[in-house]
Structure formats: C-alpha cells, structure tokens
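This report concerns only the one structure given below.
Just so you know, all these numbers are worked out from the coordinates, no wet-lab data involved. Model, not experiment: these values are computed from the prediction. FYI the Cβ positions are ideal-geometry reconstructions off the backbone, even for glycines, and counts take in every protein chain you see.
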C-alpha cells in the first residue's frame with residue numbers, strides 16, 4: 001500500500017501531485033467527450049414516443065448524472081492533491097468567519113439551520129490564506145448541513161489559548177458513529193451516500209498547511225464538534241511560504 005501524502009518527502013509529494021494532476025486532466029477530457037455524446041443522445045430522446053424510449057431517456061439521464069459525479073470527484077481530488085506550501089498573512093479570523101457565515105446563510109436558511117456566532121472582538125490575528133481557509137470552513141459547514149436533514153444549528157465559538165486561537169464549529173446533527181470517528185479525515189472514507197470522502201480530508205490538509213490542527217468529537221444523536229487550532233501571527237509576520245498550491249499539472 002502506498003504511503004499517505006503526508007508521509008512523502010516534499011519532492012516525492014510534488015511528483016505524485018503532478019502525476020495525479022496529469023491523470024485527472026486526461027480523465028476529465030474523456031469524461032467531457034462522453035458527456036457531450038450523452039447530451040446529443042438525450043436530445044434524440046427529448047420527446048420519447050413509447051415506453052422503450054422513455055426507459056432509454058431515463059438511462060441517459062442517469063449516465064449524465066454519474067459523469068458529473070466523476071467530474072466533481074476529480075475536481076475534489078485535485079484540490080486535495082495540490083495543497084502544498086501556503087502563503088500566509090496576518091488576518092482577522094472573526095472577519096473571515098463572518099464572511100463565510102454571510103455566504104452560507106441562504107443555504108442554511110433553506111435547510112432550516114440557524115447559524116450562531118460567539119467570537120470575541122479582541123482575538124489576535126492569525127496567519128491565513130483567506131481563500132483556502134474559507135474552503136476549509138465551507139467543507140465543515142456543508143458537512144454539518146448534511147448531518148442535519150431536519151434542520152438544527154451550527155455554532156461558532158473562539159478563544160485565545162496561549163499562542164494559539166481555537167475556533168470550534170458545533171452542529172446539532174446526527175453525529176458520527178464511534179467506529180467511523182477515527183477515519184473521518186481519511187481520503188475517500190465517507191458514511192454519506194454519494195459523498196466523495198474528500199471534504200474533511202481537504203479541510204484537514206488546508207488547516208495543517210496553515211501550521212494548525214483540527215480535532216473532532218461527536219456523539220451519535222447529539223451532534224459533532226470540530227476544533228481548529230491556529231498559531232497567533234507574529235507582529236512582524238510576512239508571507240511564510242513559497243506558493244498557495246502545488247503547480248497545476250496537465251493544464
């Protein structure tokens with residue numbers, strides 16, 4: 001079995017990311033051709049005349065959905081594989097969280113989910129790549145939404161702990177089974193039908209690229225809490241690393 005990406009030397013990881021990127025790029029090209037032909041076939045069955053044509057139209061529609069799912073998984077994998085050295089700059093964590101809450105509120109409202117935020121106004125700045133960190137938060141918020149099909153609440157809390165800021169995201173969802181809890185950050189592991197199993201691993205990789213950590217606690221039937229720890233930015237902080245992402249391959 002191949003070692004996980006975190007265990008690879010930097011040059012080996014870069015080679016693996018480049019190889020994976022090239023493979024996924026070629027795969028998406030073939031999927032694009034397949035999708036186009038399915039679209040043409042769907043047009044032939046746009047007005048089915050009998051039961052046989054209706055069944056054919058349904059099968060074509062199902063294949064179109066499967067092709068789109070493969071494209072989504074490929075895109076998720078590319079995002080996961082290309083997270084490498086991240087350029088960080090001092091940022092207001094509370095402001096970033098507020099921006100993500102504003103962005104996610106329409107989705108939450110449609111799902112009968114209330115978002116609560118209890119972030120102190122005097123949190124010290126942390127080193128962030130805002131766009132990447134927002135992606136990590138979005139993955140966690142989507143995970144919470146999917147755990148609350150009947151609605152519920154997502155609560156953000158934060159506190160300063162020595163040289164770190166701890167941000168917690170708590171949901172009132174269905175929780176994670178004890179046997180699945182140790183595996184939630186494993187790539188491609190998922191308990192949700194139709195999930196890619198890359199959302200939480202991508203969030204973990206992004207947070208670790210921010211020199212931080214993420215932990216999870218969960219109780220079935222009561223909810224889940226993710227705790228993110230980020231180091232406080234130095235007063236003289238400057239961009240800390242070489243690039244935001246590993247160089248795209250095959251594009």
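Below are the figures for this structure:
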| read-out | value |
| --- | --- |
| Relative exposure of 226, 104, judged by other C-beta atoms within 10 Å (fewest first) | 104, 226 |
| Listed peptides 45-56, 204-215 by packing density, highest first (mean Cβ within 10 Å) | 204-215, 45-56 |
| Cα-Cα pairs of the range 116-160 separated by more than 11 Å (percent) | 73 |
| Cα-based shape type of the range 24-128, given that a ≥ b ≥ c are square roots of the gyration tensor eigenvalues and the cut on a/c is 1.5 | oblate |
| Once the Cα gyration tensor of the range 89-231 is diagonalised, semi-axes √(5λ) in Å | 23, 18, 14 |
| Exposure proxy ranking, count of Cβ atoms within 10 Å, fewest first, for 105, 202 | 105, 202 |
| Difference of contour (0.36 nm per residue) and Cα-Cα distance, residue 105 to residue 46 | 17.6 nm |
| Value of relative contact order over the range 89-231, rounded to a whole percent, pairs C-alpha under 8 Å and six or more apart | 24 |
